[in-house]
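Take a look at the structure set out below.
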Amino acid sequence: MTMWRPVSGDIYGLDAELFNEEAFQEFFREERVLARGHNVENGHYEIELAVTGRRRRVAVLDADGYVIPGMPLSELVDTMDQKLRKVQIVIEDEIRYGDINLGSVAPDVEADIAVFEEGLAGVRTPEDAADDSDEEDAEELPDAPLLMISDLALAEVPAIAAVTKVPMAVMPHGNVRVLVAAKAVDVKKMIFPRPVYHLTLRTQGDDAPLLTLGLDNQRLLTWTWEDQLPVMDWMTDYEAALEFADENLGAGAIARRCVLEIDQGSAGDVRRALLSSKTMGPAFFVQAMGLGPEILDVLEGRLDVAEIPDAEVFKQANLSETIRQVVALEISGHGVATPKLWENYRKLYLGNPGLMSATAAIQAALGGSVFVGALQAKGKKARWGAGLGAFLMVNSISRVLTTHYIQESLEHSEAVRKLTEAAAEEAREEERERLEREKDADD
(Lines give C-alpha, C1' and ligand atoms only; values in the text may rest on other atoms or scores of the structure.)
Protein backbone atom coordinates (compact mmCIF):
# COMPACT_ATOMS: atom_id res chain seq x y z
CA MET A 1 0.00 0.00 0.00
CA THR A 2 1.35 3.41 -1.00
CA MET A 3 1.92 5.77 1.93
CA TRP A 4 1.18 9.35 0.98
CA ARG A 5 2.10 12.47 2.90
CA PRO A 6 0.94 16.04 2.29
CA VAL A 7 3.24 18.88 1.22
CA SER A 8 2.15 22.51 1.08
CA GLY A 9 3.34 25.55 -0.77
CA ASP A 10 2.53 28.80 -2.49
CA ILE A 11 2.45 30.11 -6.04
CA TYR A 12 2.79 33.86 -6.53
CA GLY A 13 1.58 35.33 -9.78
CA LEU A 14 3.74 38.32 -10.74
CA ASP A 15 1.52 39.36 -13.66
CA ALA A 16 -2.26 39.02 -13.37
CA GLU A 17 -2.65 38.94 -17.17
CA LEU A 18 -0.31 35.97 -17.55
CA PHE A 19 -1.22 33.93 -14.48
CA ASN A 20 -4.73 33.82 -13.06
CA GLU A 21 -7.31 31.38 -11.70
CA GLU A 22 -7.90 29.88 -15.14
CA ALA A 23 -4.20 29.21 -15.73
CA PHE A 24 -3.88 27.81 -12.20
CA GLN A 25 -6.72 25.31 -12.67
CA GLU A 26 -5.69 24.44 -16.24
CA PHE A 27 -2.18 23.39 -15.26
CA PHE A 28 -3.37 20.83 -12.72
CA ARG A 29 -6.05 19.63 -15.13
CA GLU A 30 -3.46 18.95 -17.84
CA GLU A 31 -1.03 17.23 -15.48
CA ARG A 32 -3.89 15.42 -13.65
CA VAL A 33 -2.21 16.18 -10.32
CA LEU A 34 -4.40 15.58 -7.28
CA ALA A 35 -4.28 18.69 -5.14
CA ARG A 36 -6.13 21.23 -3.06
CA GLY A 37 -5.66 24.93 -3.57
CA HIS A 38 -7.20 28.36 -4.08
CA ASN A 39 -6.41 32.01 -4.61
CA VAL A 40 -5.76 33.71 -1.28
CA GLU A 41 -5.51 37.25 -2.60
CA ASN A 42 -3.72 39.35 -5.23
CA GLY A 43 -2.49 36.39 -7.24
CA HIS A 44 -1.21 34.44 -4.23
CA TYR A 45 -2.31 30.80 -4.47
CA GLU A 46 -2.01 28.22 -1.72
CA ILE A 47 -1.48 24.62 -2.82
CA GLU A 48 -1.40 21.21 -1.11
CA LEU A 49 -0.18 18.03 -2.81
CA ALA A 50 0.39 14.42 -1.79
CA VAL A 51 3.79 12.78 -2.33
CA THR A 52 5.28 9.37 -1.65
CA GLY A 53 8.71 7.79 -1.38
CA ARG A 54 12.18 9.29 -1.13
CA ARG A 55 11.83 10.95 -4.52
CA ARG A 56 8.56 12.55 -3.39
CA ARG A 57 6.56 11.46 -6.40
CA VAL A 58 3.27 13.36 -6.57
CA ALA A 59 -0.15 11.71 -6.68
CA VAL A 60 -1.82 11.79 -10.12
CA LEU A 61 -4.89 10.17 -11.66
CA ASP A 62 -4.11 7.92 -14.61
CA ALA A 63 -6.27 7.39 -17.71
CA ASP A 64 -8.03 4.42 -16.07
CA GLY A 65 -9.08 6.43 -13.03
CA TYR A 66 -6.51 5.03 -10.59
CA VAL A 67 -4.33 7.08 -8.26
CA ILE A 68 -0.65 6.42 -8.97
CA PRO A 69 2.71 8.07 -8.16
CA GLY A 70 3.62 10.50 -10.90
CA MET A 71 6.66 12.67 -11.49
CA PRO A 72 8.93 13.71 -8.59
CA LEU A 73 8.03 16.94 -6.83
CA SER A 74 11.15 18.69 -8.14
CA GLU A 75 10.20 17.79 -11.72
CA LEU A 76 6.64 19.00 -11.17
CA VAL A 77 7.91 22.34 -9.92
CA ASP A 78 10.24 22.59 -12.94
CA THR A 79 7.32 21.84 -15.27
CA MET A 80 5.23 24.44 -13.50
CA ASP A 81 8.03 26.95 -13.84
CA GLN A 82 8.27 26.27 -17.58
CA LYS A 83 4.57 26.30 -18.43
CA LEU A 84 3.38 29.10 -16.15
CA ARG A 85 4.69 32.55 -16.97
CA LYS A 86 6.13 34.95 -14.41
CA VAL A 87 5.35 33.03 -11.23
CA GLN A 88 7.18 32.50 -7.96
CA ILE A 89 6.86 28.86 -6.75
CA VAL A 90 7.59 27.59 -3.24
CA ILE A 91 6.50 24.01 -2.43
CA GLU A 92 8.19 22.51 0.62
CA ASP A 93 11.93 22.99 -0.10
CA GLU A 94 11.50 23.40 -3.87
CA ILE A 95 11.82 27.09 -4.81
CA ARG A 96 11.68 28.63 -8.28
CA TYR A 97 12.02 32.40 -8.56
CA GLY A 98 10.34 32.63 -11.92
CA ASP A 99 11.66 33.57 -15.34
CA ILE A 100 10.74 37.10 -16.35
CA ASN A 101 10.12 37.07 -20.09
CA LEU A 102 11.22 40.51 -21.32
CA GLY A 103 8.77 40.28 -24.20
CA SER A 104 5.87 40.36 -21.79
CA VAL A 105 7.13 43.04 -19.40
CA ALA A 106 4.77 45.97 -19.03
CA PRO A 107 6.03 49.42 -20.04
CA ASP A 108 6.18 50.44 -16.43
CA VAL A 109 9.13 48.24 -15.48
CA GLU A 110 9.51 49.77 -12.03
CA ALA A 111 5.94 48.85 -11.12
CA ASP A 112 6.53 45.31 -12.37
CA ILE A 113 9.65 44.98 -10.24
CA ALA A 114 7.71 46.25 -7.24
CA VAL A 115 5.14 43.50 -7.76
CA PHE A 116 7.94 40.93 -7.95
CA GLU A 117 9.53 42.16 -4.73
CA GLU A 118 6.14 42.16 -3.00
CA GLY A 119 5.71 38.53 -3.99
CA LEU A 120 9.11 37.64 -2.58
CA ALA A 121 8.18 39.21 0.75
CA GLY A 122 6.00 36.23 1.62
CA VAL A 123 8.48 33.54 0.56
CA ARG A 124 10.28 31.59 3.27
CA THR A 125 13.83 30.55 2.41
CA PRO A 126 16.08 28.32 4.56
CA GLU A 127 17.70 31.47 5.96
CA ASP A 128 14.27 32.80 6.87
CA ALA A 129 13.47 29.53 8.62
CA ALA A 130 16.59 29.90 10.76
CA ASP A 131 15.61 33.47 11.64
CA ASP A 132 12.11 32.31 12.50
CA SER A 133 13.57 29.65 14.79
CA ASP A 134 15.50 32.31 16.68
CA GLU A 135 12.36 34.42 17.03
CA GLU A 136 10.40 31.43 18.29
CA ASP A 137 13.06 30.80 20.93
CA ALA A 138 12.54 34.32 22.26
CA GLU A 139 8.75 34.19 21.97
CA GLU A 140 6.89 33.71 25.23
CA LEU A 141 4.47 30.81 25.18
CA PRO A 142 0.89 31.44 26.34
CA ASP A 143 -0.01 30.66 29.93
CA ALA A 144 -2.47 27.94 28.93
CA PRO A 145 -2.69 24.16 29.53
CA LEU A 146 -1.32 21.83 26.86
CA LEU A 147 -2.28 18.29 25.86
CA MET A 148 0.40 16.06 24.40
CA ILE A 149 0.10 12.50 23.11
CA SER A 150 3.47 10.91 22.46
CA ASP A 151 5.51 7.72 22.45
CA LEU A 152 7.95 9.13 25.00
CA ALA A 153 8.86 6.93 27.96
CA LEU A 154 7.38 7.59 31.40
CA ALA A 155 10.88 7.83 32.88
CA GLU A 156 11.52 10.94 30.76
CA VAL A 157 8.68 12.95 32.30
CA PRO A 158 10.21 13.77 35.74
CA ALA A 159 13.19 15.44 34.07
CA ILE A 160 10.90 17.36 31.71
CA ALA A 161 8.77 18.61 34.61
CA ALA A 162 11.90 19.63 36.53
CA VAL A 163 13.44 21.52 33.61
CA THR A 164 10.26 23.29 32.50
CA LYS A 165 9.03 23.85 36.09
CA VAL A 166 5.53 22.93 34.92
CA PRO A 167 3.34 20.32 36.70
CA MET A 168 2.46 17.44 34.38
CA ALA A 169 -0.04 14.60 34.58
CA VAL A 170 0.69 11.41 32.63
CA MET A 171 -1.66 8.55 31.70
CA PRO A 172 -1.15 5.45 29.54
CA HIS A 173 -3.15 5.44 26.32
CA GLY A 174 -2.69 2.18 24.48
CA ASN A 175 0.87 2.03 23.22
CA VAL A 176 1.51 5.75 23.81
CA ARG A 177 1.15 8.19 26.71
CA VAL A 178 -1.04 11.20 27.33
CA LEU A 179 0.68 14.13 29.01
CA VAL A 180 -1.25 17.17 30.23
CA ALA A 181 0.86 20.16 31.24
CA ALA A 182 -0.46 22.98 33.40
CA LYS A 183 1.19 25.46 31.04
CA ALA A 184 2.20 25.36 27.40
CA VAL A 185 5.80 24.24 26.88
CA ASP A 186 8.00 24.11 23.81
CA VAL A 187 7.91 20.48 22.71
CA LYS A 188 10.91 20.96 20.39
CA LYS A 189 13.08 21.97 23.35
CA MET A 190 11.83 19.86 26.21
CA ILE A 191 12.39 16.43 24.67
CA PHE A 192 15.73 15.16 23.38
CA PRO A 193 15.89 13.00 21.45
CA ARG A 194 12.51 13.93 20.09
CA PRO A 195 9.92 11.18 19.99
CA VAL A 196 8.92 9.60 16.70
CA TYR A 197 5.33 10.66 17.25
CA HIS A 198 3.95 13.59 19.20
CA LEU A 199 0.67 15.47 19.03
CA THR A 200 -0.19 18.64 20.94
CA LEU A 201 -3.47 20.49 21.42
CA ARG A 202 -4.02 23.92 22.95
CA THR A 203 -7.47 25.50 23.27
CA GLN A 204 -6.50 28.81 24.91
CA GLY A 205 -4.07 31.59 24.10
CA ASP A 206 -3.01 33.13 20.80
CA ASP A 207 -4.13 31.35 17.59
CA ALA A 208 -6.14 28.85 19.64
CA PRO A 209 -7.38 26.26 19.13
CA LEU A 210 -4.13 24.92 17.72
CA LEU A 211 -3.29 21.30 16.93
CA THR A 212 0.24 20.26 15.94
CA LEU A 213 1.42 16.84 14.83
CA GLY A 214 5.06 15.80 14.57
CA LEU A 215 6.25 12.67 12.80
CA ASP A 216 9.69 11.14 12.22
CA ASN A 217 11.37 13.87 14.31
CA GLN A 218 11.21 16.33 11.42
CA ARG A 219 7.81 16.89 9.82
CA LEU A 220 5.31 19.14 11.59
CA LEU A 221 1.67 19.52 10.55
CA THR A 222 -0.69 22.10 12.06
CA TRP A 223 -4.46 22.51 12.15
CA THR A 224 -6.34 25.60 13.33
CA TRP A 225 -9.92 24.55 12.53
CA GLU A 226 -10.01 26.85 9.52
CA ASP A 227 -11.69 25.62 6.34
CA GLN A 228 -9.48 23.22 4.38
CA LEU A 229 -8.41 24.17 0.86
CA PRO A 230 -10.91 23.21 -1.88
CA VAL A 231 -10.03 20.48 -4.37
CA MET A 232 -9.09 21.41 -7.92
CA ASP A 233 -12.07 21.95 -10.23
CA TRP A 234 -11.24 19.06 -12.56
CA MET A 235 -11.28 16.55 -9.68
CA THR A 236 -15.01 16.98 -9.04
CA ASP A 237 -15.77 14.73 -12.03
CA TYR A 238 -13.82 11.78 -10.60
CA GLU A 239 -14.99 9.93 -7.52
CA ALA A 240 -11.59 8.33 -6.96
CA ALA A 241 -9.93 11.77 -6.96
CA LEU A 242 -12.37 13.16 -4.41
CA GLU A 243 -12.00 10.11 -2.18
CA PHE A 244 -8.22 10.41 -2.33
CA ALA A 245 -8.37 14.11 -1.40
CA ASP A 246 -10.62 13.36 1.57
CA GLU A 247 -8.26 10.71 2.95
CA ASN A 248 -4.79 12.05 2.08
CA LEU A 249 -5.09 15.84 1.89
CA GLY A 250 -6.38 18.50 4.26
CA ALA A 251 -8.11 17.26 7.39
CA GLY A 252 -7.94 13.66 6.18
CA ALA A 253 -4.14 13.68 6.05
CA ILE A 254 -3.85 14.97 9.61
CA ALA A 255 -6.56 12.62 10.90
CA ARG A 256 -4.80 9.55 9.51
CA ARG A 257 -1.54 10.57 11.11
CA CYS A 258 -3.18 11.31 14.46
CA VAL A 259 -4.11 7.63 14.82
CA LEU A 260 -1.25 6.14 12.80
CA GLU A 261 0.99 5.37 15.78
CA ILE A 262 -1.64 4.56 18.42
CA ASP A 263 -3.98 1.67 19.06
CA GLN A 264 -7.01 3.83 19.85
CA GLY A 265 -9.00 6.41 17.92
CA SER A 266 -10.74 6.44 14.54
CA ALA A 267 -9.39 8.41 11.58
CA GLY A 268 -12.95 9.02 10.36
CA ASP A 269 -14.08 10.40 13.72
CA VAL A 270 -10.95 12.56 14.00
CA ARG A 271 -11.50 13.95 10.50
CA ARG A 272 -15.09 14.91 11.33
CA ALA A 273 -13.84 16.61 14.49
CA LEU A 274 -11.25 18.60 12.52
CA LEU A 275 -13.90 19.76 10.07
CA SER A 276 -16.28 20.94 12.79
CA SER A 277 -16.39 24.43 14.28
CA LYS A 278 -13.64 26.08 16.27
CA THR A 279 -15.91 26.10 19.31
CA MET A 280 -16.77 22.41 19.40
CA GLY A 281 -13.88 21.00 17.36
CA PRO A 282 -11.42 20.44 20.25
CA ALA A 283 -14.09 18.67 22.32
CA PHE A 284 -14.97 16.39 19.41
CA PHE A 285 -11.26 15.78 18.79
CA VAL A 286 -10.56 14.76 22.40
CA GLN A 287 -13.50 12.36 22.24
CA ALA A 288 -12.45 10.95 18.85
CA MET A 289 -8.96 10.23 20.21
CA GLY A 290 -10.50 8.11 22.96
CA LEU A 291 -9.69 10.50 25.82
CA GLY A 292 -11.90 11.28 28.82
CA PRO A 293 -13.80 14.58 29.26
CA GLU A 294 -11.53 15.56 32.16
CA ILE A 295 -8.78 16.27 29.61
CA LEU A 296 -10.91 18.96 28.00
CA ASP A 297 -11.78 20.33 31.46
CA VAL A 298 -8.06 20.86 32.12
CA LEU A 299 -7.49 22.47 28.71
CA GLU A 300 -10.39 24.85 29.32
CA GLY A 301 -9.19 25.73 32.82
CA ARG A 302 -12.02 24.04 34.73
CA LEU A 303 -9.80 21.37 36.31
CA ASP A 304 -6.26 21.23 37.65
CA VAL A 305 -3.81 18.66 36.29
CA ALA A 306 -3.44 17.17 39.78
CA GLU A 307 -7.16 16.37 39.80
CA ILE A 308 -7.15 14.11 36.74
CA PRO A 309 -8.25 10.64 37.86
CA ASP A 310 -5.75 7.76 37.61
CA ALA A 311 -2.94 10.05 36.43
CA GLU A 312 0.65 10.20 37.63
CA VAL A 313 1.50 13.82 38.47
CA PHE A 314 5.08 15.06 38.30
CA LYS A 315 6.10 18.49 39.60
CA GLN A 316 9.29 20.47 39.85
CA ALA A 317 11.76 18.74 42.17
CA ASN A 318 15.39 19.12 43.14
CA LEU A 319 18.10 17.31 41.23
CA SER A 320 18.48 14.38 43.63
CA GLU A 321 14.74 13.73 43.79
CA THR A 322 14.42 13.96 40.02
CA ILE A 323 17.26 11.48 39.49
CA ARG A 324 15.70 9.14 42.05
CA GLN A 325 12.36 9.23 40.19
CA VAL A 326 14.00 8.67 36.81
CA VAL A 327 16.05 5.74 38.11
CA ALA A 328 13.02 4.13 39.77
CA LEU A 329 10.85 4.39 36.67
CA GLU A 330 13.65 3.21 34.38
CA ILE A 331 14.55 0.18 36.52
CA SER A 332 10.86 -0.72 36.95
CA GLY A 333 10.53 -1.10 33.17
CA HIS A 334 8.89 2.23 32.28
CA GLY A 335 11.91 3.81 30.64
CA VAL A 336 13.79 3.92 27.38
CA ALA A 337 15.38 0.45 27.70
CA THR A 338 13.30 -2.63 26.97
CA PRO A 339 11.29 -3.89 29.99
CA LYS A 340 12.79 -7.38 29.52
CA LEU A 341 16.29 -6.04 30.18
CA TRP A 342 15.30 -4.52 33.53
CA GLU A 343 13.22 -7.58 34.40
CA ASN A 344 16.36 -9.70 34.19
CA TYR A 345 18.31 -7.10 36.17
CA ARG A 346 15.72 -7.07 38.95
CA LYS A 347 15.73 -10.87 39.13
CA LEU A 348 19.51 -11.07 39.25
CA TYR A 349 20.36 -8.22 41.62
CA LEU A 350 17.23 -7.03 43.45
CA GLY A 351 15.53 -10.41 43.76
CA ASN A 352 18.58 -12.05 45.39
CA PRO A 353 20.13 -9.47 47.72
CA GLY A 354 21.85 -12.13 49.84
CA LEU A 355 23.50 -13.76 46.84
CA MET A 356 24.53 -10.38 45.44
CA SER A 357 26.09 -9.35 48.78
CA ALA A 358 27.93 -12.66 49.10
CA THR A 359 29.29 -12.36 45.54
CA ALA A 360 30.39 -8.78 46.20
CA ALA A 361 32.10 -9.84 49.44
CA ILE A 362 34.00 -12.65 47.70
CA GLN A 363 35.04 -10.26 44.95
CA ALA A 364 36.17 -7.65 47.50
CA ALA A 365 38.17 -10.25 49.41
CA LEU A 366 39.80 -11.49 46.22
CA GLY A 367 40.62 -7.94 45.16
CA GLY A 368 42.06 -7.19 48.60
CA SER A 369 44.34 -10.21 48.53
CA VAL A 370 45.56 -9.34 45.04
CA PHE A 371 46.15 -5.73 46.08
CA VAL A 372 48.08 -6.67 49.23
CA GLY A 373 50.17 -9.24 47.37
CA ALA A 374 51.00 -6.68 44.68
CA LEU A 375 52.18 -4.17 47.29
CA GLN A 376 54.65 -6.71 48.66
CA ALA A 377 56.07 -7.42 45.18
CA LYS A 378 58.16 -5.22 42.92
CA GLY A 379 58.27 -4.36 39.23
CA LYS A 380 55.76 -3.67 36.48
CA LYS A 381 53.63 -6.73 37.25
CA ALA A 382 53.21 -5.51 40.81
CA ARG A 383 51.78 -2.21 39.62
CA TRP A 384 49.32 -4.03 37.32
CA GLY A 385 48.35 -6.36 40.15
CA ALA A 386 47.75 -3.44 42.51
CA GLY A 387 45.54 -1.77 39.91
CA LEU A 388 43.56 -4.96 39.32
CA GLY A 389 43.04 -5.55 43.02
CA ALA A 390 41.90 -1.98 43.61
CA PHE A 391 39.48 -2.23 40.68
CA LEU A 392 37.92 -5.44 42.02
CA MET A 393 37.38 -3.89 45.46
CA VAL A 394 35.93 -0.63 44.11
CA ASN A 395 33.71 -2.52 41.67
CA SER A 396 32.26 -4.75 44.39
CA ILE A 397 31.60 -1.84 46.74
CA SER A 398 30.02 0.29 44.01
CA ARG A 399 27.74 -2.59 43.00
CA VAL A 400 26.47 -2.90 46.55
CA LEU A 401 25.93 0.85 46.93
CA THR A 402 24.24 1.15 43.52
CA THR A 403 21.91 -1.75 44.21
CA HIS A 404 21.05 -0.30 47.61
CA TYR A 405 20.32 3.11 46.02
CA ILE A 406 18.12 1.56 43.32
CA GLN A 407 16.23 -0.48 45.92
CA GLU A 408 15.56 2.64 47.99
CA SER A 409 14.48 4.56 44.88
CA LEU A 410 11.96 1.89 43.94
CA GLU A 411 10.52 1.83 47.45
CA HIS A 412 10.45 5.63 47.64
CA SER A 413 8.69 6.20 44.28
CA GLU A 414 4.94 6.57 44.64
CA ALA A 415 4.52 6.31 40.86
CA VAL A 416 6.26 2.92 40.78
CA ARG A 417 4.07 1.65 43.63
CA LYS A 418 0.90 2.69 41.82
CA LEU A 419 2.07 1.12 38.58
CA THR A 420 3.03 -2.08 40.34
CA GLU A 421 -0.35 -2.28 42.06
CA ALA A 422 -2.16 -1.59 38.79
CA ALA A 423 -0.15 -4.30 37.01
CA ALA A 424 -0.88 -6.75 39.82
CA GLU A 425 -4.59 -5.97 39.70
CA GLU A 426 -4.60 -6.43 35.94
CA ALA A 427 -2.84 -9.79 36.32
CA ARG A 428 -5.41 -10.90 38.94
CA GLU A 429 -8.24 -9.84 36.63
CA GLU A 430 -6.77 -11.83 33.76
CA GLU A 431 -6.39 -14.85 36.04
CA ARG A 432 -10.03 -14.59 37.14
CA GLU A 433 -11.16 -14.38 33.52
CA ARG A 434 -9.04 -17.42 32.66
CA LEU A 435 -10.53 -19.44 35.51
CA GLU A 436 -14.05 -18.43 34.48
CA ARG A 437 -13.39 -19.50 30.90
CA GLU A 438 -12.06 -22.86 32.08
CA LYS A 439 -15.08 -23.30 34.33
CA ASP A 440 -17.48 -22.51 31.49
CA ALA A 441 -15.61 -24.96 29.24
CA ASP A 442 -15.94 -27.71 31.86
CA ASP A 443 -19.66 -27.04 32.23
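Under the condition of being part of a strand (DSSP E or B) and charged (D, E, K, R), which residue from region 1-24 is farthest from the chain's Cα centre (by Cα)? Break it down into steps so the answer makes sense when it comes.
Within region 1-24, the first condition is being part of a strand (DSSP E or B), and the residues that meet it are 5-13.
Narrowing further to those that are charged (D, E, K, R): 5, 10.
Working: Arg5: 15, Asp10: 25 Å.
Applying the filter and picking the extreme gives Asp10.
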**Elements of type strands (runs of 3 or more DSSP E) contained in region 25-75, each with 1 or more residues being under 21 Å from Leu14 (Cβ atoms) and at pLDDT below 95** = 35-41, 44-52
**Asked** Got a number for residues in region 1-22 being under 15 Å from Met80 (Cβ atoms), of a type in the set (A, V, I, L, M, F, W, C) and surrounded by 17 or more Cβ atoms within 10 Å (Cβ to Cβ)?
**Response** 4
**Message:** Kindly evaluate Leu213 against the criterion of being assigned to a strand (DSSP E or B), within 21 Å of Val180 (Cβ to Cβ) and touching a Phe, Trp or Tyr at 6+ places or on another chain (Cβ under 9 Å).
**Reply:** yes
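For region 68-78, which positions are touching a strand residue (DSSP E or B) at 6+ places or on another chain (Cβ under 7 Å) and either surrounded by fewer than 20 Cβ atoms within 10 Å (Cβ to Cβ) or free of Cβ contacts under 8 Å to residues at least 40 places away in the same chain (or both)?
If the condition is that a residue be touching a strand residue (DSSP E or B) at 6+ places or on another chain (Cβ under 7 Å) and either surrounded by fewer than 20 Cβ atoms within 10 Å (Cβ to Cβ) or free of Cβ contacts under 8 Å to residues at least 40 places away in the same chain (or both), then Ile68, Pro69, Gly70, Met71, Pro72, Ser74, Val77 are the ones that fit.
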**Residue ranges of helices (runs of 4 or more DSSP H) in region 272-375 with at least 3 members modelled with pLDDT of 85 or more** = 281-288, 293-299
**Residue selected from region 212-260 under the condition within 13 Å of the chain's Cα centre (by Cα) and on the phi > 0 side of the Ramachandran plot, by the criterion surrounded by the most Cβ atoms within 10 Å (Cβ to Cβ)** = Asn217
**Asked** Would you pick out the residues in region 141-186 that are in a strand (DSSP E or B) and small (Gly, Ala, Ser)?
**Response** Ser150, Ala169, Ala181
**Message:** Taking the criterion of being more than 20 Å from Glu48 (Cα to Cα) and of a type outside the set (A, V, I, L, M, F, W, C), would at least one residue in region 240-252 satisfy it?
**Reply:** no
**Prompt:** All but one of (1) surrounded by 15 or more Cβ atoms within 10 Å (Cβ to Cβ); (2) β-branched (Val, Ile, Thr); (3) over 25 Å from the mean Cα position of the chain (by Cα) hold for Val51; which doesn't?
**Reply:** (3)
**Asked** In this structure, does Asp297 turn out to be surrounded by 14 or more Cβ atoms within 10 Å (Cβ to Cβ) and of a type in the set (D, E, K, R)?
**Response** yes
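The values are calculated or read from the model by the stated rules, or taken from the named source; none is laboratory data. All of these numbers come straight from a predicted model, not from anything done at the bench. Virtual Cβ from ideal backbone geometry, glycine too; neighbours counted across all protein chains shown.
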